[in-house]
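Structure record follows, encoded as structure tokens.
The values are calculated or read from the model by the stated rules, or taken from the named source; none is laboratory data. Computed from a predicted model, the values in this text were never measured in an experiment. Note that each Cβ is placed from the backbone with ideal geometry, even for glycine, and that neighbours are counted across all protein chains shown. Just the protein is used for accessible areas: all its heavy atoms, side chains included, with ligands, DNA and RNA removed. Shrake-Rupley method; radii C 1.70, N 1.55, O 1.52, S 1.80 Å.
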Amino acid sequence: MNRRQLIAGIALFGAALAPVRALAAAAIGGPFRLVDQFGHPVSERDLLGRPSAIFFGYTLCPEVCPTTLVSFGRWLKKLGPAANRLNVVFVSIDPGRDTPRQMRDYLTSFDQRIRGFTGSPAEVDRMAKAYRVYYRKVPLPGGSYAMDHSAAVYLMDAAGRFVEPIGYGETDDMPMASLRRLMGR
Amino acid sequence: MRRFASRAAVGAALLVASAAQAHITLTPATAEAGHSFAGAFRVGHGCAGSATKGIRVVLPPAVTSARPQAKPGWTIKVEHAVGPEGKDRVAAIVWSGGLVPDDEYDDFGVMLGLPAKAGPVFIPVVQTCEAGESRWDEIPSPGTSLHSLKRPAAVVEVIAPPPLAVIGGIEVREGWVRAAPNSAPAAAAYLVLHNGSKQADRLVSVSTPAAARAELHNMRMDGGVMRMRALEHGLDLPAGGDAALAPGGNHVMLFGPAAPLEPGGKVELTLVFEHAGRVTVTLPVRSADDSGGGGGEHHHGGMR
Ligand SMILES: [Cu+2]
């Protein structure tokens with residue numbers, strides 16, 4: 001997927017609100033009040049001062065979310081020591097099932113530098129809207145439900161400004177180039 | 001869609017083996033798709049009578065991983081390159097510092113990750129001798145016999161494993177379960193179905209003792225949005241055709257795994273077809289790809 005399609009994808013949710021060009025420049029990101037996987041309160045201020053990579057998903061997601069989390073383990077390793085200056089955050093858009101405890105247990109399977117944020121549905125919704133993340137609950141026949149959700153990773157600079165996305169399924173060289181650019185800023 | 005090895009392909013593999021016997025060969029000459037290959041490059045003679053003092057094996061990108069076996073008296077160098085998906089791959093292995101007299105043979109052991117697809121994998125070898133070198137790097141063009149080549153590359157024939165099950169002409173192949181992260185409320189299982197019968201069929205439902213519930217699902221990326229839906233009418237299986245449940249698309253969704261799904265584990269899955277009836281297969285649990293977007297140690301095609 002190219003950058004334009006990706007930004008268009010991100011804009012799905014906010015397309016009616018603002019032109020795509022403006023989205024790329026300024027409108028992604030904003031305040032939130034959530035809790036991390038240890039139950040500690042977190043806000044946008046906790047991410048400032050370092051660049052961040054933020055993505056949204058849910059723990060019932062069978063492929064895209066674990067793949068992104070596994071990829072992040074690999075990318076952090078490739079980044080070397082610089083990776084310790086990067087915030088990596090997995091935000092649940094399924095807070096009904098993804099309690100802090102669930103996020104904590106789930107994230108033990110991945111790089112321990114990855115943080116998990118969840119919270120009240122209203123606060124998750126506020127953060128998703130701020131990041132122009134599309135998500136929607138879809139019932140499944142057996143009584144469970146899936147979550148449609150934007151699968152991109154959002155790269156933010158140390159001042160909390162959106163820089164660029166990493167699309168799902170990119171080969172490693174593109175995300176690594178983006179992450180190295182981000183860390184060099 | 002994948003084609004499976006026919007008897008003709010197996011015959012071709014045998015031909016390949018005998019043709020290459022006089023040169024540098026891979027032994028064994030065949031490998032089962034989806035399993036890692038442990039074998040050796042066999043050096044049967046020197047270069048026109050001169051003793052062999054080294055070989056250099058050049059691995060094509062189709063070889064997903066490679067590890068040489070330690071060899072006393074020899075120095076081994078592994079050369080890396082950037083492979084598909086931008087990840088590191090082994091591009092060549094060089095053995096040097098030893099000596100194989102012209103009238104003796106020796107084996108140079110390797111473990112290779114081979115493609116999941118059936119077919120030959122050609123591996124060029126440069127043999128360095130006390131006097132001169134021999135380049136075993138000719139690869140037959142399609143339709144050409146290996147016999148016609150003077151300096152054939154080493155070759156291993158990847159053979160599709162036997163189906164996991166056959167019922168009413170439907171073959172079940174390439175089944176595996178993606179290892180689930182800790183406390184993951186669900187996991188995905190994959191398999192490929194080939195309907196060898198003249199009647200169209202349909203995979204209607206799936207059940208397993210390994211999870212609270214199994215459903216047939218599809219997932220797709222739609223403008224950057226991941227969407228997962230139930231295949232409410234099952235999965236169509238045209239007469240003579242294939243249907244795949246594979247990463248990036250259709251899957252069996254296992255809700256509420258009864259025990260952690262860890263690599264090395266096994267999952268029994270019962271498939272119910274509209275016409276062919278039901279059949280139970282046992283699938284291995286494999287780690288989700290952790291090597292860079294493709295392959296992983298089991299060559300299941302990775303996650304894209
Ligand atoms: Cu599913």
Completion exercise
Given backbone amide H placed at 1.01 Å from N, residues whose amide H is under 5 Å from that of residue A:115, ignoring those fewer than 5 places away on the same chain, are A:88, A:89, A:90
Handout entry: For the stretch B:220-237, residues shielded by at least 10 square angstrom of accessible area compared with the chain on its own, probe 1.4 Å
Key = B:221, B:223, B:224, B:225, B:226, B:227, B:228, B:229, B:230, B:232
Fill in the blank from the handout: In order over the stretch B:269-285: 3J(HN,Hα) from phi, Karplus 6.51/-1.76/1.60, θ = phi - 60°, whole Hz, x for each Gly or Pro, gives 10, 9, 9, 10, 9, 4, 9, 6, x, 10, 8, 10, 10, 10, 10, x, 8
Practice task
Summarise the partner chain shielding of A:54-67 as one whole number: the mean count of Cβ atoms from other chains within 10 Å of each residue's Cβ.
Solution key: 6
Exercise for the section: Compute the Rg to Rh ratio over the stretch B:7-159 from the alpha carbon atoms, using the Kirkwood formula for Rh, and round to two decimal places. Expected result: 0.95
Handout entry: Carbon + sulfur, % of accessible area of chain B - ligands and nucleic acids excluded, 1.4 Å
Key = 53 percent
Exercise for the section: State the percentage of accessible surface on the stretch A:74-170 attributable to carbon and sulfur atoms; use a 1.4 Å probe and exclude ligands, DNA and RNA. Expected result: 54 percent
Problem - Cα-Cα P(r), the stretch A:124-185, percent of pairs per 5 Å interval - result: 4, 14, 20, 18, 16, 13, 7, 5, 3, 0
Practice task
Report, as an integer, the average count of C-beta atoms from other chains found within 10 Å of each Cβ along A:167-173.
Solution key: 6
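Restricting to bridges with both residues inside the stretch A:31-182, how much of the DSSP beta-bridge set is antiparallel, in percent to the nearest 5? Please report the intermediate quantities before stating the final value.
Details: 18 of 28 bridges.
Roughly 65 percent of the DSSP beta bridges within the stretch A:31-182 come out antiparallel.
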Fill in the blank from the handout: 1/(1 + (r/R0)^6) with r = Cβ-Cβ of residue B:207 and residue B:111, R0 = 41 Å, i.e. FRET efficiency to nearest 0.05, evaluates to 0.65
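Total accessible area buried between chains B and A, 1.4 Å probe, in Å² to the nearest 100?
2900 Å²
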Completion exercise
Per 10 angstrom bin, beginning at 0 and ending with the bin that holds the maximum distance, the Cα pairs of the protein assembly as shown fall in percents of 4, 18, 24, 21, 17, 11, 4, 1, 0
Completion exercise
Bridge orientation stat for the protein assembly as shown from DSSP, antiparallel percent rounded to 5, came to 85 percent
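Calculated FRET efficiency, residue A:104 and residue A:161, Cβ-Cβ r, R0 45 Å, to nearest 0.05?
After rounding, the FRET efficiency stands at 0.95.
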Problem - Relative compactness, the stretch B:212-276, computed as alpha-carbon Rg over 2.2 N^0.38 Å - result: 1.29
Exercise for the section: Grab the alpha carbons of the stretch B:165-302, take their convex hull, and tell me the volume per residue in Å³. Expected result: 110 Å³
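Rounded if a/c is under 1.5, else prolate if a/b is larger than b/c, else oblate: which is the stretch B:94-231, with a ≥ b ≥ c the root eigenvalues of its Cα gyration tensor?
It comes out prolate by the Cα gyration axes.
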Problem - Cut-off 13 Å (backbone N to label point 7 Å along Cα→Cβ of residue B:81), residues of the stretch B:124-164 - result: B:124-125
Exercise for the section: Might you tell me the accessible area per residue for the protein assembly as shown, computed with a 1.4 Å probe and given in Å²? Expected result: 43 Å²
Fill in the blank from the handout: Looking only at lysines whose Cα falls under 29 Å of residue B:198's and that sit 8 or more positions away or on another chain, we get B:117
Completion exercise
In this structure, the FRET efficiency calculated for residue A:180 and residue B:182 from their beta-carbon separation, with R0 = 35 Å, to the nearest 0.05, is 0.70
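Mind ordering B:136-145, B:95-104 by average Cβ neighbours within 10 Å, highest first?
B:95-104, B:136-145
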Problem - Relative contact order computed over the stretch B:165-302 (Cα-Cα under 8 Å; 6+ residues apart), in percent - result: 30 percent
